[in-house]
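Undergrad: Sharing a structure, written as structure tokens. Questions coming.
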């Protein structure tokens, strides 16, 4: 195998992306949540009323990390926790009307971030980058399931 630096590059991208995204949120006047909480909201805007385990899977956050973030989001009035009527042991996460109103502003910032990500790339290059990242993610998810 050739020598690579993919993992290092992904780490750098994640760190810088977090800072840039935070700045873009601030510039857009969004102070109701941070970038990491935005990831949770984004998943719930796609599909609301998810069990915590599924929300953790879709966001890539550890359940313990997610739980503490949900505590803060609940105290700010963004989400509510509800027992699953079919299985009282399972807690589901639902958006509040307050959080639903933030979606449009967040999408504008998210679209701006996507344009920054792919600036100067052709459609073909974008598709190749995405395909490669999806393969890396799949490989890592398979490895994670082994433990």
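Undergrad: For residue 101, which of the numbered conditions (1) out of contact with any strand residue (DSSP E or B) (no Cβ under 6 Å at 6 or more places or on another chain); (2) within 26 Å of residue 137 (Cα to Cα); (3) modelled with pLDDT under 95 fails to hold?
TA: Status for residue 101: all satisfied but (2).
Undergrad: Something else about it: For segment 28-55, give me the residue count where each residue is farther than 28 Å from residue 86 by Cα, without any contact (Cβ under 8 Å) to a residue 40 or more places away in the chain and out of contact with any helix residue (DSSP H, G or I) (no Cβ under 6 Å at 6 or more places or on another chain).
TA: Here the count works out to 3.
Undergrad: Just one of the numbered conditions (1) crowded, with 16+ Cβ neighbours inside 10 Å; (2) closer than 26 Å to residue 139 by Cβ is not true of residue 25; which one?
TA: (2)
Undergrad: Let me ask something else. For segment 74-96, check the following and say yes or no: at least one residue is under 21 Å from residue 17 (Cβ atoms) and either under 17 Å from the mean Cα position of the chain (by Cα) or outside any helix (DSSP H, G or I) (or both).
TA: No - not one qualifying residue is present in segment 74-96.
Undergrad: How many residues are touching a helix residue (DSSP H, G or I) at 6+ places or on another chain (Cβ under 6 Å), surrounded by fewer than 14 Cβ atoms within 10 Å (Cβ to Cβ) and at pLDDT 90 or above when one looks only at segment 60-86?
TA: The number of residues fulfilling the criteria is 1.
Undergrad: What residue, of 2, 16, is surrounded by fewer than 14 Cβ atoms within 10 Å (Cβ to Cβ) and in a helix (DSSP H, G or I)?
TA: 16
Undergrad: Does residue 7 meet the test of being modelled with pLDDT under 95, loosely packed, with under 15 Cβ neighbours inside 10 Å, touching a helix residue (DSSP H, G or I) at 6+ places or on another chain (Cβ under 8 Å) and in a helix (DSSP H, G or I)?
TA: no
Undergrad: Which condition from (1) assigned to a loop (DSSP other than H, G, I, E, B); (2) within 26 Å of residue 133 (Cβ to Cβ) is the one that residue 21 breaks?
TA: (1)
Undergrad: Inside segment 29-59, can you point out the residues that are loosely packed, with under 13 Cβ neighbours inside 10 Å and more than 14 Å from residue 94 (Cα to Cα)?
TA: 29, 31
The values are calculated or read from the model by the stated rules, or taken from the named source; none is laboratory data. Computed from a prediction, not measured in an experiment: that's the story for all the values here. For neighbour counting, all protein chains shown are included, and Cβ atoms are generated from backbone atoms with ideal geometry for every residue, glycine included.
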